[in-house]
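Q: Have a look at this one before I ask anything.
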There are 2 protein chains.
Amino acid sequence: MTNSDPQEWSNRGVDLFLNLLPGEHSRGLRVRIEDGLRDAIRGGRLVRGTRLPPTRALARDLGVARRTVVEAYSQLAAEGWIAGRRGSGTVVAFGATPPIDAGSIRERQRVRWRFDLRPGRPDPSSFPRQEWLRAVRQALTNAPDEAFGVGDPAGELALRAELAAYLNRARGLTIGASDLLISTGFTQGLGLVARALATIDRRRRITIEEPSMPHHRDVIREAGHELALVRVDRGGADVEQLEQAGEAAAVVVTPNRQHPTGVALSSGRRARLLEWARATGAYVVEDDYDGEFRYEGRPIGPLQGLDPRHVVYAGTASKTLAPGIRLGWLAMPEPLRAALTREKELADWHTSALEQLAFAELLRSGMYDRHIRKMRLRYRRRRDALLHAIVDADLGVEVMGTAAGLNLLILLPDAETEDRVLAATRAAGVGAAA
Amino acid sequence: MTNSDPQEWSNRGVDLFLNLLPGEHSRGLRVRIEDGLRDAIRGGRLVRGTRLPPTRALARDLGVARRTVVEAYSQLAAEGWIAGRRGSGTVVAFGATPPIDAGSIRERQRVRWRFDLRPGRPDPSSFPRQEWLRAVRQALTNAPDEAFGVGDPAGELALRAELAAYLNRARGLTIGASDLLISTGFTQGLGLVARALATIDRRRRITIEEPSMPHHRDVIREAGHELALVRVDRGGADVEQLEQAGEAAAVVVTPNRQHPTGVALSSGRRARLLEWARATGAYVVEDDYDGEFRYEGRPIGPLQGLDPRHVVYAGTASKTLAPGIRLGWLAMPEPLRAALTREKELADWHTSALEQLAFAELLRSGMYDRHIRKMRLRYRRRRDALLHAIVDADLGVEVMGTAAGLNLLILLPDAETEDRVLAATRAAGVGAAA
């Protein structure tokens, strides 16, 4: 019975959906198979080059004699619709080449900058491909079968334990594995916080820094909150404005390096911010988006360490690894844990277990530390080169936010100058933002 | 200058956050380093076994003389807080062993069934680890640098093109790459549809089958919709009830195999459902959650093919590959495209590019087809064994939904019998659901 050898059958077959027009049983099966294939090819569903199943597999799938399928294929081949190719079986020989309208996709504007200096964009060529592959292999080798089932919404325990130890050591947090929730990045994390607060807090307002990323504001609004703004000056967010901004369920800040100005929140304001949170029962969302990249001066400790019950600490692998790998994390205050985990479950059950386990392996092996230190050096050299060029050019401009991070802010005298500078950078193939 | 050789530096270092108490400059640097390390170890932030950076790397990071760090390490070693280990550098030698409270995580109930027959649970041991690793390697080798940057919210073009061709050929859809949005699974996809409709349709009601998954109902409610229900009988969802259920922006159905009853939507009701959608300007969400697993009879064509402008087709890799890999897709009617893509952007920018590219490779190479055919055969054998056992036992029960899919429904005479049967299966180590 070689015909029904399941191995052979499963290794050679491709799936094909055929509309055999049920109800018209009077017509011969062979004719109906021919019509079904012809319609699918003519309608563009099966495009030129599509591999068809071997006659034996299709006959089995349709529950007909193999001879019926062989005859149908012969007829279609004679008509030029399909063709047998030695070695690669039978393929569709007629019709449009590209799958219907792949070409009509408006590709996202992917300008190729010679140097991409747009804020918050890590160098995508720096993604550690070899190390990631090694980590995926390790994860696939070691993962128990259960890892491929429906997992814990808060994340894989193996990753949460490694990540907690890393964040405690390298970023100065004081958390355990159970405090962490693994998200698909800061965007999702912020949405989870905003929606969780909407379920447990009647205050429907969240305060955010001005300036800050428009995308983050949209995420907050999407969750049903009103936005309030606090101005940023050279000491970071003006915490005194918080009281005037009215009641809020939370404030979103970038205390370690304000985005995009690059200033750090002053120590006096740090204390005052936490006082405000305790007094009003609100939460501080600490967006530590690129705290790994500090080039000079002393690293600044996270707010989370000062008051774990009122601070949601949010980190991401978007800057350290790549935005294309969607991994982020929240260190959750105990009172928010249940609500945040529930929101994650409603958002997408949990983050891909395999990517979580690969990231855990990267942390465990020390490869993540090594990669960050390598990138920190590389980015520092780039910053130095840029600063020297600006000084050499004697432009008389002020540059902010140079001690750390992936962007710097150049203060220009007026809007006209800004337009001229942006035009010049664009012409030179350098990506920059106003 | 071997001291500053960046390669050596970056390869040996681990990052360490030290709180040096700014402002107390009167105390010696050495004492402040000692105090910072002692506090971190005593407070549980640095647990026993944590590797410390080499003196040279830490001195460089802190901007102090190496000698200062060497002396601080010596003092702490003398006090027993840290210890030098030949080959592995300096490690923390004192304090709690497990990272703070990893043990306190309430692990999700992971009962190990001898046979897990709970509905909709694919066999997690069947995940094609080798094939997936090969696909990841291929994706990592071929991906352009841009793939690691911020990507298209609708998904990687390479995957959308492969997937469109696959769905057209194997599932009977008629779509192009630009019709597809890649999500992190059906849960996210349903949430995107519900939220997109909430932004463009004033009707805040979505209809769903009764019975259906409670989780899906929660996702719809979370997006701000009221729920309406349509009863399911032997012809599938009772479409006539749709008119009585009141105005709705959409109806969510499982027409190819109703979950959990396993019945298919009758052809008369299919036509009527689409008529209702056209007449009211509502959308049909077609949840094709396990359409790949049909064991007998003719495959049923998707509703999407009958009316692409009014049907959102939703598929998932959760049943074919594993729930642990979070990948799903929506075939979007043209009028919903912009709103759905925007919702994805607000949810998490886009799905992990690397997993998308690996899945594209699985499709391109034919490995996905082969895996599905192998699993179809395996599940069919299991179904046969179960059906034979039920018939042999002569229980006088009726079994529904046997032609396809990953579950079957056994109708028991009364609630008492059901309780007895569930107790018996549990005792035998067989997972089942009421």
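Q: Interface size between chain A and chain B, please: total buried accessible area, 1.4 Å probe, rounded to the nearest 100 Å².
A: Result for this pair: about 9600 Å² buried.
Q: Shifting gears a bit: In square nanometres, what is the average projected area of the Cα convex hull of the stretch B:231-294? The partial results should precede the final answer.
A: Details: hull surface 16.7 nm².
So the mean shadow area of the Cα hull is 4.2 nm².
Q: Of all the residues in chain A, which one has the C-beta that comes nearest the axis relating A to B, and what is the distance in Å?
A: Result for the A and B rotation: A:V136, 3.
Q: Sticking to Cα atoms, compute the Rg of chain B to one decimal and its Dmax as the biggest Cα-Cα distance, whole number, in Å.
A: 28.9, 89
Q: Let me ask something else. Would you mind listing the distances between the A:R426 label point and the same position in each other copy? Use 7 Å along Cα-to-C-beta, nm, one decimal, shortest first.
A: 6.7
Q: Which distance in nm do the two modelled labels at A:R204 and B:D414 give, with both placed 7 Å along the Cα-to-Cβ direction?
A: So the two model labels end up 5.0 nm from each other.
Q: Further question: Any chance you could check the stretch B:183-205 for residues losing 10 Å² or more of accessible area when the partner protein chains are in, compared with the chain on its own (1.4 Å probe)?
A: Residues shielded by partner chains are B:T184, B:T187, B:Q188, B:R195.
Q: Over the protein assembly as shown, what percent of the accessible surface lies on carbon and sulfur atoms, probe 1.4 Å? Before the final figure, lay out each step's value.
A: Values: 18410 of 36530 Å².
Carbon and sulfur together cover 50 percent of it.
Q: Per residue of B:152-158, how many C-beta atoms from partner chains lie within 10 Å of its own C-beta, taken as a mean?
A: Details: counts 5, 1, 3, 0, 1, 4, 1.
Going residue by residue through B:152-158 and averaging, the value is 2.
Q: Also: Run the reach check for A:K344 against lysines, Cα to Cα strictly under 23 Å, same-chain hits fewer than 8 apart removed. What comes back?
A: Output for A:K344: A:K319, B:K319, B:K344.
Q: Using the Kirkwood radius over Cα pairs, work out the Stokes-Einstein diffusion coefficient for the stretch A:286-384 at 4 °C and 1.567 mPa s, in µm²/s as a whole number. Present the calculation step by step, with values, prior to reporting the outcome.
A: Details: Rh = 15.4 Å.
In µm²/s, the coefficient is 84.
Q: Accessible area per residue for chain B in Å², computed with a 1.4 Å probe and the full protein assembly in place, what is it?
A: Values: 18250 Å² over 434 residues.
Roughly 42 Å² per residue, with all protein chains present.
Q: What is the packing order of peptides B:49-60, A:342-353, A:374-385, taking the mean over residues of other C-beta atoms within 10 Å and listing the highest first?
A: Values: B:49-60: 19.8, A:342-353: 24.4, A:374-385: 16.3.
Highest mean packing first, the order is A:342-353, B:49-60, A:374-385.
Q: When only Cα pairs under 8 Å and 6 or more residues apart are kept, what is the percent relative contact order across chain A? Intermediate results must be reported in sequence, preceding the final value.
A: On the way: 664 pairs, mean separation 78.2, N = 434.
Value for chain A: 18 percent.
Q: For B:E210, which inter-copy label distances result when the label point lies 7 Å beyond Cα on the Cα-to-Cβ vector, reported in nm to one decimal and in ascending order?
A: Here the equivalent label points are 4.9 nm apart from this one.
Q: Can you pull out the GluC sites (Glu not before Pro) in the stretch B:271-325 whose DSSP state is coil and whose Cβ has at most 13 other Cβ atoms within 10 Å?
A: Values: sites: B:E275, B:E286, B:E292, B:E296; in loops: B:E292, B:E296.
Answer by residue number: B:E296.
Q: Mind ranking B:161-173, B:302-314 by how tightly packed they are, going by the mean number of other C-beta atoms within 10 angstrom, highest first? Don't skip to the end; give the middle numbers.
A: Numbers: B:161-173: 23.7, B:302-314: 21.7.
Descending mean neighbour count gives B:161-173, B:302-314.
Q: Let me ask another. Convex hull over the Cα atoms of the protein assembly as shown, averaged projected area in nm²?
A: The directionally averaged projection comes out at 42.2 nm².
Q: For a protection proxy built on the mean count of beta-carbon atoms within 10 angstrom, sort B:187-194, B:74-81, B:33-40 highest first, please. List each step's numbers first, then the result.
A: Numbers: B:187-194: 26.0, B:74-81: 14.8, B:33-40: 19.5.
Top of the packing list down: B:187-194, B:33-40, B:74-81.
Q: log10 I(q)/I(0), Debye, Cα-only the stretch B:156-201, no solvent, q = 0.22, 0.28, 0.30 Å⁻¹?
A: These q points yield log10 I(q)/I(0) values of -0.83, -0.96, -0.98.
Q: Using alpha carbons only, how many angstrom separate the centre of the stretch B:356-434 from the centre of the stretch A:178-233?
A: 43 Å
Q: Just grab the label-to-label distance for B:R231 and A:L377, each label 7 Å out from Cα along the Cβ direction, in nm (one decimal).
A: Modelled inter-label distance: 7.3 nm.
Q: Could you work out how far apart the two model spin labels at B:S125 and A:A83 are, taking each label as a point 7 Å from the Cα in the direction of the beta carbon, and quote it in nm?
A: 4.7 nm
Q: Here's a follow-up. Give me the net charge for the shell around A:F359: Cβ to Cβ below 10 angstrom, other residues only, Lys and Arg +1, Asp and Glu -1. The partial results should precede the final answer.
A: Numbers: positive: A:R364; negative: A:E156, A:E162, A:E355, A:E361.
Residues close to A:F359 contribute a combined charge of -3.
Q: Return the average number of partner chain Cβ atoms within 10 angstrom of each residue Cβ along peptide B:213-225. Please report the intermediate quantities before stating the final value.
A: Values: counts 0, 0, 3, 0, 0, 3, 4, 1, 1, 7, 1, 1, 0.
For this peptide, the per-residue mean of nearby foreign Cβ atoms is 2.
Q: Within 10 Å of each Cβ of B:174-182, how many other protein chain Cβ atoms are there on average? Walk me through the intermediate numbers first.
A: Details: counts 5, 5, 9, 8, 7, 4, 1, 0, 0.
Neighbouring Cβ atoms belonging to other protein chains average 4 per residue here.
Q: How many nanometers, to one decimal and shortest first, lie between the label point of A:R85 and those of its other copies, if labels sit 7 Å from Cα toward Cβ?
A: 5.7
The values are calculated or read from the model by the stated rules, or taken from the named source; none is laboratory data. Since we're looking at a predicted model, the values are computed, not measured. Glycine also receives a Cβ, built like all others from the backbone with ideal geometry; neighbour counts cover every protein chain displayed. Side chains are part of the model used for accessible areas, which takes the heavy atoms of the whole protein and leaves out ligands, DNA and RNA. Shrake-Rupley method; radii C 1.70, N 1.55, O 1.52, S 1.80 Å.
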